[in-house]
Amino acid sequence: MNRWFQKGNARRFYRIDMPVKTFVTPASPIRDREIYASGLDYFPPTLRRYIENEKNETLYWVNKVQDQKVVVTKMFKEVIDYIEFFGDATQMMAKGLNPAKDPQYLFRLQSDIEGFSAIEELLPSSPKTYRYFKMLEEKFLAYLKSMFNSARHSKPDYFEANRHLPLGYKIDETLEMLTSKSNFDKIPLIQAIVHLVQFVNAHLNAYRQLNDDNILRHYPDEWPRMKVNISASGIAIRYKKRFTQFEKVDVFLYFPDQDKVLEFEGTVVDTRSIDSHHEERVAINFDFPNGQKQDFLQNQIQRYEIEECMDFQL
């Protein structure tokens, strides 16, 4: 068990690390711009540093590729350009701006939906590399088409999210395979592909969070079960996105066994970056919590502790 009291905290509630299905959203989202948005930062400093590192690693290894260097380099740089544009559009939408209303962005969105323009140049001389990029293109286009649909149909008081944005792509299975075998560690082309896929995934995952934040509130069964630090008076969570210090938020906790959702109003009291995991830790105090909700939450915490003790003894 991981119990600890906050400094200067005379309250009776102690905190514990515990898995909980949870959903946290700003209490005052953006409603007066081109599209509805939470206002969260989906590219916090930890993620930006990670993205920049993956880009640099990609270019480093591409520079070491010898076979078909010109066409391979062209392909890698094109994908980086596509994804950075996608990231820019994601940040616009997170701020309540609609890329589909900007003629330049609209033209680029419509153009990119046709796929990677240089990819067919790979097929005659590098069919295996071509297959890697086709798998990456498949995932990218699924997210780009979802973004384009959201941009076209979202309004100042509504975000057209995609509840069925797919998971589990062939490129992710390939990435896992390539990173699990040490004999690939020194092959420039393979390492360039590994870092490029991680670079792409970082951007796509940021958009997925934006999308999910605008639809999952009403589907507690689909909330992620996260290891949080929790008490009946507050919660601390690690995210890839960033909340603002002193921001007012709504915290939802779902307990499937009881099919019960608890809602707390809260205030962000601490934020900090965790570079080792490319995450942001946000600590939230519950504001004037309802006593019955606190009692239920305290009972769930105690229940979890008892189950953990029993498992430990076994």
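The values are calculated or read from the model by the stated rules, or taken from the named source; none is laboratory data. Predicted model only: the values in this text are computed from it and were never measured. Every residue, glycine as well, gets a Cβ built from its backbone with ideal geometry; the counts of neighbours run over all protein chains shown. Heavy atoms of the whole protein, side chains included, go into the accessibility calculation; ligands, DNA and RNA do not. Shrake-Rupley method; radii C 1.70, N 1.55, O 1.52, S 1.80 Å.
Quick look at the values:
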item: Unmet requirement for Phe264, which otherwise passes all of (1) in a strand (DSSP E or B); (2) within 23 Å of Lys95 (Cα to Cα); (3) not basic (Lys, Arg); result: (2)
item: Yes/no for Glu34 being touching a Gly at 6+ places or on another chain (Cβ under 8 Å) and either outside any helix (DSSP H, G or I) or open to solvent by 40 Å² or more (accessible area, probe 1.4 Å) (or both); result: yes
item: Every pair of residues 6+ apart whose Cβ atoms lie under 7 Å, when the first sits in region 202-219 and is without any contact (Cβ under 8 Å) to a residue 60 or more places away in the chain and of a type in the set (Ser, Thr, Tyr) while the second is open to solvent by 30 Å² or more (accessible area, probe 1.4 Å) and assigned to a helix (DSSP H, G or I); result: none
item: Matching option when the condition is over 22 Å from the mean Cα position of the chain (by Cα), within 21 Å of Ala142 (Cβ to Cβ) and crowded, with 16+ Cβ neighbours inside 10 Å, among Ala100, Ala89; result: Ala100
item: Count of region 144-162 residues which are more than 23 Å from Gly115 (Cβ to Cβ) and either of a type in the set (S, T, N, Q) or touching a Leu at 6+ places or on another chain (Cβ under 8 Å) (or both); result: 1
item: Any chance Arg281 is surrounded by fewer than 19 Cβ atoms within 10 Å (Cβ to Cβ), in contact with a strand residue (DSSP E or B) (Cβ under 7 Å, 6 or more places away or on another chain) and at pLDDT below 95; result: no
